[in-house]
Amino acid sequence: MQPLQALAATLAVFGVVAGLLAAVRSGRRRQVSALGHALLAGVLLWAAVWMWPLGTGIAGYDRLRDGQAVAELYFEQLVPGRFRVTMTRLPGGRMQVFDLDGQRWRIDARTLHWRGWALEAGLTPRYQLDRLTGLDAADNDKTLPRGTYDLGDPGGLRFWQRIRAGPYWRRVVDARLVYGPNAVMSHGARYEVVLATQGLDARPINDAAAVAQAAP
């Protein structure tokens with residue numbers, strides 16, 4: 001259970017207890033005490049109802065540390081213009097395999113940067129990989145998408161869209177879409193994807209990738 005979900009559940013339990021105490025105090029004609037417990041129950045339950053979807057929404061997002069490696073990709077050419085990509089998510093090590101068409105690739109991510117009371121409460125920036133896209137090089141300056149794979153979970157995407165659409169949420173958290181560079185696909189190339197506060201970077205980590213990136 002995500003920490004905010006656990007906190008929401010705890011608040012809900014205390015809210016129910018406060019509500020029961022309010023009922024007991026009312027039955028004993030201790031109206032002032034009953035009113036105080038009823039108000040406390042209302043505040044606790046309201047906080048729990050507000051906090052639970054927040055905790056659920058960010059459960060699929062990982063903590064963002066500036067300059068961290070979030071994935072490693074290895075490319076194998078199947079036929080000209082088509083590659084098999086093995087992606088390892090870091091640091092967990094979960095592996096996924098995709099077939100991509102084109103000459104270049106790009107990986108994008110969604111990020112959450114907190115503001116106001118959420119930042120003061122200690123909530124840390126979060127990220128979720130969004131999609132992996134294969135691209136055709138139309139010319140030296142433009143690329144055209146050939147196909148894409150969704151990398152994030154649907155619940156995380158809905159939460160991210162809800163934040164961007166809600167005026168209150170926008171005061172609490174900045175939801176961004178971060179694009180990586182258009183990197184070259186080449187047989188045997190291995191890249192490390194690094195996520196920093198300013199964006200994504202695809203870094204060659206073997207000779208095949210370095211040669212491909214250096215080619216005009």
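If I ask for residues that are modelled with pLDDT of 80 or more, within 11 Å of Gly60 (Cα to Cα) and surrounded by 15 or more Cβ atoms within 10 Å (Cβ to Cβ), which ones from the stretch 119-156 would you list?
Listed by number, the residues that qualify are Arg126, Tyr127, Gln128, Leu129, Gly152.
Is at least one residue of the stretch 127-136 among the aromatic types (Phe, Trp, Tyr), more than 20 Å from Asp101 (Cβ to Cβ) and not in a strand (DSSP E or B)?
no
Kindly list the number of the only condition in (1) surrounded by fewer than 19 Cβ atoms within 10 Å (Cβ to Cβ); (2) over 14 Å from the mean Cα position of the chain (by Cα); (3) outside any helix (DSSP H, G or I); (4) of a type outside the set (Ser, Thr, Tyr) that fails for Trp105.
(1)
Conditions: (1) closer than 21 Å to Ala208 by Cα; (2) touching an Asp or Glu at 6+ places or on another chain (Cβ under 7 Å); (3) not aliphatic (A, V, I, L, M). Asp108 meets all but one. Number of the miss?
Of (1) closer than 21 Å to Ala208 by Cα; (2) touching an Asp or Glu at 6+ places or on another chain (Cβ under 7 Å); (3) not aliphatic (A, V, I, L, M), only one is false for Asp108: (1).
So which residues in the stretch 44-64 are loosely packed, with under 14 Cβ neighbours inside 10 Å and modelled with pLDDT of 70 or more, if there are any at all?
Correct list: Arg63 only.
The values are calculated or read from the model by the stated rules, or taken from the named source; none is laboratory data. Just so we're clear, the structure is a prediction, and the values are computed from it rather than from any experiment. For neighbour counting, all protein chains shown are included, and Cβ atoms are generated from backbone atoms with ideal geometry for every residue, glycine included.
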